[in-house]
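Novice: Supplied in structure tokens, the structure appears directly below.
Please treat every number below as a calculation from the coordinates, not as lab data. Note that the structure is predicted; figures quoted are calculated from it, not measured. Positions of Cβ are backbone-derived with ideal geometry, glycine not excepted, and every protein chain shown enters the neighbour counts.
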Amino acid sequence: MREIDRLEDELSPLPESITRIRKLISTLELCHHKAERWVTNIIEAIGEGDTAKGLGTRTAGELHPAERDWRDACVALSAWCAGQPAASVEIKIGGRSASCLLSKLGERSALKEWQVQRLIERIREFIGWPRSMHHGDSVYVFMEECGADFEPPGDAECPEHYREHEEFWKQTMQTRIHDTVNGEAADFSLAVAIDVMFPCNWNFVGNLDIVLGAIGGELYAAQPLTVCARNICHVPIRERMQTVCRTLQCSLQNQRSENDVDSTLLELLGDVTAPQRWLVASLDKTIRLQLRL
């Protein structure tokens with residue numbers, strides 16, 4: 001890390017093109033379902049010396065297939081909340097039967113409907129559908145703010161937004177999902193699980209399965225909950241990112257014949273200049289820190 005700081009000091013002030021690429025690295029989240037593509041975009045940008053990528057650069061109205069799954073999840077959950085039997089919801093969510101997922105909710109109750117409605121709001125706020133993300137009613141209100149350990153404070157108070165259903169809020173806060181973190185037994189508040197059910201996660205449908213099961217009373221999950229960076233060791237691109245890091249190190253050392261590296265990425269990077277070395281080192285550090293490589 002000191003080497004990266006030294007390189008940055010030598011480059012100051014940073015050219016705008018380098019700053020733009022560094023922002024891409026700073027916003028990289030390897031729990032995102034498109035993380036592998038993001039990494040490739042960053043490497044391409046480093047090789048080219050600039051980028052036009054970033055938030056808000058996608059063509060308006062363009063949808064990734066995963067985003068259709070998020071919308072379908074909202075449709076299915078809304079149908080259940082409206083009283084439609086789980087077995088009659090005949091759509092797919094990420095290749096999974098919505099009726100099968102909804103069946104985990106079990107017998108309908110006012111508490112379950114309230115919890116599922118929070119889940120719908122969480123997903124809708126993120127995808128901005130069916131309303132604009134800037135619409136006041138589309139802003140999700142967290143049931144509890146928590147730290148990096150995803151654990152709410154013991155003296156948590158019900159937010160004003162949920163006071164009308166404070167008992168539901170309290171029961172949701174107190175319900176614990178039991179799973180594992182890095183192979184060790186762990187548990188997690190259902191309220192926080194709903195709060196951090198960001199649909200962009202690589203395991204959105206798997207997480208949805210666990211949360212719906214918990215709402216239905218199935219509190220011992222068969223698989224670990226992987227919201228945000230929790231249990232990121234399970235991310236399917238982990239092995240690929242190890243290869244990427246070896247390739248980045250190879251580039252920094254000006255080597256071209258190492259085993260277990262990606263020659264295509266090396267070609268994209270080319271012969272790196274001092275600013276590019278700083279970016280390559282920064283990307284390598286970011287990946288290693290997030291995945292604990």
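Novice: Which one, 265, 21, 211, is farthest towards the positive end of the dipole of the chain when Lys and Arg carry +1 and Asp and Glu -1 on their Cβ?
Specialist: After comparing all options, I get 265.
Novice: Note the angle between two axes, namely the Cα long axis of helix 35-48 and the longest principal axis of the Cα atoms of the chain, as a number of degrees from 0 to 90, rounded to the nearest 10.
Specialist: 20
Novice: So what's the back-of-envelope 222 nm ellipticity for the chain, counting only DSSP H runs of four-plus at -39500 (n - 2.57) apiece and dividing by all residues, rounded to 500?
Specialist: When only DSSP H runs of four or more count, the value is -15000 deg cm²/dmol.
Novice: Place the peptides 237-243, 227-233 in order of packing, highest mean first, counting for every residue the other Cβ atoms within 10 Å and averaging per peptide.
Specialist: 227-233, 237-243
Novice: Please work out whether segment 66-231 counts as rounded, prolate or oblate from its C-alpha gyration tensor, where a ≥ b ≥ c are the square roots of the eigenvalues and a/c under 1.5 means rounded, while otherwise a/b larger than b/c means prolate and anything else oblate?
Specialist: Rounded is the answer for segment 66-231, as its axis ratio a/c remains below 1.5.
Novice: Which cross-chain or sequence-distant (5 or more) residues have an amide H under 5 Å from the amide H of residue 177, H modelled 1.01 Å from N in plane?
Specialist: When sequence neighbours closer than 5 places are left aside, the close amide H contacts are 188, 189, 190.
Novice: Now, a different point. Using only Cα atoms, find the angle between the long axis of helix 274-291 and the longest principal axis of the chain, and express it within 0 to 90 degrees, rounded to the nearest 10.
Specialist: 30
Novice: I would also like to ask the following. Can you bin every Cα-Cα distance in segment 218-293 into 5 Å intervals starting at zero and give me the percent of pairs per bin, rounded to whole numbers?
Specialist: Percent of Cα pairs in each bin: 3, 15, 23, 19, 14, 9, 7, 4, 3, 2, 1.
Novice: Two decimals, Cα atoms only, Kirkwood Rh: what is Rg/Rh over segment 78-119?
Specialist: 0.95
Novice: Using the alpha-carbon atoms, what tilt in degrees (0 to 90, nearest 10) does helix 238-252 show relative to the longest principal axis of the chain?
Specialist: 20
Novice: Return the long-range amide H neighbours of residue 93 (sequence gap of 5 or more, or a different chain), with a cut-off of under 5 Å between placed amide H atoms.
Specialist: Correct list: 98.
Novice: Please work out whether segment 181-253 counts as rounded, prolate or oblate from its C-alpha gyration tensor, where a ≥ b ≥ c are the square roots of the eigenvalues and a/c under 1.5 means rounded, while otherwise a/b larger than b/c means prolate and anything else oblate?
Specialist: prolate
Novice: While we're looking at this one, here's another question. Can you give the % of DSSP beta bridges in the chain that are antiparallel, to the nearest 5?
Specialist: Antiparallel bridges make up about 90 percent of those DSSP assigns within the chain.
Novice: What order do you get for 273-280, 208-215 when each peptide is scored by the mean count of other beta carbon atoms within 10 Å, highest first?
Specialist: Per-residue mean Cβ counts within 10 Å order the peptides as 208-215, 273-280.
Novice: Still on this model: Sort 162, 220 by Cβ crowding within 10 Å, fewest neighbours at the top.
Specialist: 220, 162
Novice: Among 93, 142, 189, whose Cα lies farthest out toward the positive end of the dipole of segment 66-231, if unit charges sit on the beta carbon of Lys, Arg (+1) and Asp, Glu (-1)?
Specialist: Selected residue: 93.
Novice: For the chain: lysine pairs with Cα atoms under 26 Å, gap of 8 or more or different chains, count?
Specialist: Lysine pair count for the chain: 12.
Novice: For the chain, how big is Rg over Rh, using alpha carbon atoms and the Kirkwood form of Rh?
Specialist: We get a ratio of 1.03 for the chain.
Novice: Quick check for me: using +1 on Lys/Arg Cβ and -1 on Asp/Glu Cβ, what's the dipole size of the chain about its Cα centre, in debye to the nearest 20?
Specialist: 620
Novice: With θ set to phi - 60°, apply the Karplus curve 6.51 cos²θ - 1.76 cosθ + 1.60 along segment 17-30 and write out the HN-Hα couplings as whole Hz, x wherever there is a Gly or Pro.
Specialist: 5, 5, 4, 4, 5, 4, 5, 4, 5, 5, 9, 5, 10, 6
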